[in-house]
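What follows is a single structure, written as structure tokens, with notes after it.
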Amino acid sequence: MKPELSVIIPIYNEQAGLAALFARLYPALDALRVAYEIIFVNDGSRDNSVSILAEQFRQRPDVTRVVLFNGNYGQHMAILAGFEASRGETMVTLDADLQNPPEEIKNLLAKMREGYDYVGSIRRKRQDSAWRTLASKAMNRMRERITNIRITDQGNMLRAYGRNVIDLVNQCAEVNTFVPALAYTFARKPTEITVEHEERAAGESKYSLYSLIRLNFDLVTGFSLIPLQIFSMLGMALSAGSALLVVFLLGRRFLLGAEAEGVFTLFAIAFFFMGVILFGIGLVGEYVGRIFQQVRARPRYVVQTILQQGRASQGRDGDAVEKRQVGR
């Protein structure tokens, strides 16, 4: 029987907090009194997470499935693999660190039953550092203006998706993508609710400053051409301004003769133009890099094993262990 609810949880070096997660997650879902499944996707953990997940699968094989990657492909690839493996009519994504309380899942389901097919969440009071909160808010505002994707709290993983949205997401073959934004573009009736946010139960954030910047580059360049268009307009404005500057300097040359003053000002202007040019080259390179990754047509991820009731399988049809499932 197909479950009504699929909960998808990416796992990467989470051994310190898995016991606490299990202790709260299963009772919270049992209390819903709906058929559910939990899909843990191990994203190449280097600690003891796999053994802990395997033991939990043995204890609750009726509702537990474990997807094991053969390497580290990133959180969003793990979520996409969970979507591919899911069978429920409603999917909920959840982080393993318990910053999003599992008890909030019932509120997401209640909102979905009102007819929405995408329910995002907004943290009532973030339990993160000040710089991380400010950086996230700034990125949210910039992303919304550039992409027109209205996600108030893009860093919060606790979200619910309808089967119609997930089926469309599963048809996409993007190498790099931001799953909540991709799902938002397919949703017919999206909404958001406010949820609680707790301190991390164990471990530390897997997102460094570089990772956050990289994620937002993927988000902006993957959903909009506006950065390129803005830079094109900026290039035209700077070209016109530099032409006027040349005319002005030539006029001074003919009227006042050779001047030694203003050399450093000219250097500053030249360096500014060079900085703009280098930024533009980097921006174009970002788009070209996405094209390069896409045309290589390499698999987005490789599933080594799927632990599920009755068998450990490889591939979506449960074929022999020697085969591997690859993300399109």
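The values are calculated or read from the model by the stated rules, or taken from the named source; none is laboratory data. Everything numeric in this text was worked out from a predicted model, so none of it was measured. For neighbour counting, all protein chains shown are included, and Cβ atoms are generated from backbone atoms with ideal geometry for every residue, glycine included. The accessibility values were calculated without ligands, DNA or RNA, using every heavy atom of the protein model including side chains. Shrake-Rupley method; radii C 1.70, N 1.55, O 1.52, S 1.80 Å.
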> Within the bounds of segment 89-97, is there any residue that is open to solvent by 10 Å² or more (accessible area, probe 1.4 Å), outside any strand (DSSP E or B) and not acidic (Asp, Glu)?
Replying inline: no
>> I want to confirm something. Restricting to segment 32-46 and keeping residues that are under 21 Å from the mean Cα position of the chain (by Cα) and part of a strand (DSSP E or B), which single residue is farthest from MET112 (Cα to Cα)?
In response: ASN42
>> With the requirement that a residue be under 24 Å from the mean Cα position of the chain (by Cα) and over 21 Å from ARG87 (Cα atoms), what does segment 47-62 give you?
In response: ASP47, SER49, VAL50
> Considering segment 1-31 alone, what residues qualify as being in contact with a Ser or Thr (Cβ under 6 Å, 6 or more places away or on another chain) and assigned to a strand (DSSP E or B)?
Replying inline: LEU5, SER6, ILE8, ILE11
>> Cβ-Cβ under 8 Å, sequence separation 6+ or interchain: first residue in segment 76-103 and more than 17 Å from GLY120 (Cα to Cα), partner of a type in the set (Ser, Thr, Tyr) and in a strand (DSSP E or B). Which pairs?
In response: GLY82/SER6; GLY82/THR93; SER86/SER6; ARG87/SER6; GLY88/SER6; GLY88/TYR36
> Could you list, in sequence order, the residues of segment 9-45 that are open to solvent by 10 Å² or more (accessible area, probe 1.4 Å), closer than 20 Å to GLU198 by Cβ and touching a strand residue (DSSP E or B) at 6+ places or on another chain (Cβ under 6 Å)?
Replying inline: PRO10
> Taking into account only those residues within segment 272-328 that are polar (S, T, N, Q) and modelled with pLDDT under 80, which is farthest from ASN176 (Cα to Cα)?
Replying inline: SER313
>> If GLU55 meets every condition in (1) farther than 15 Å from LEU18 by Cβ; (2) part of a helix (DSSP H, G or I) apart from one, which number is that one?
In response: (1)
> Out of all the residues in segment 68-95, which are more than 21 Å from VAL34 (Cβ to Cβ) and either among the acidic types (Asp, Glu) or more than 19 Å from the chain's Cα centre (by Cα) (or both)?
Replying inline: LEU68, ASN70, GLU84, ASP95
>> Regarding segment 173-190, can at least one residue be identified that is modelled with pLDDT of 90 or more and assigned to a strand (DSSP E or B)?
In response: yes
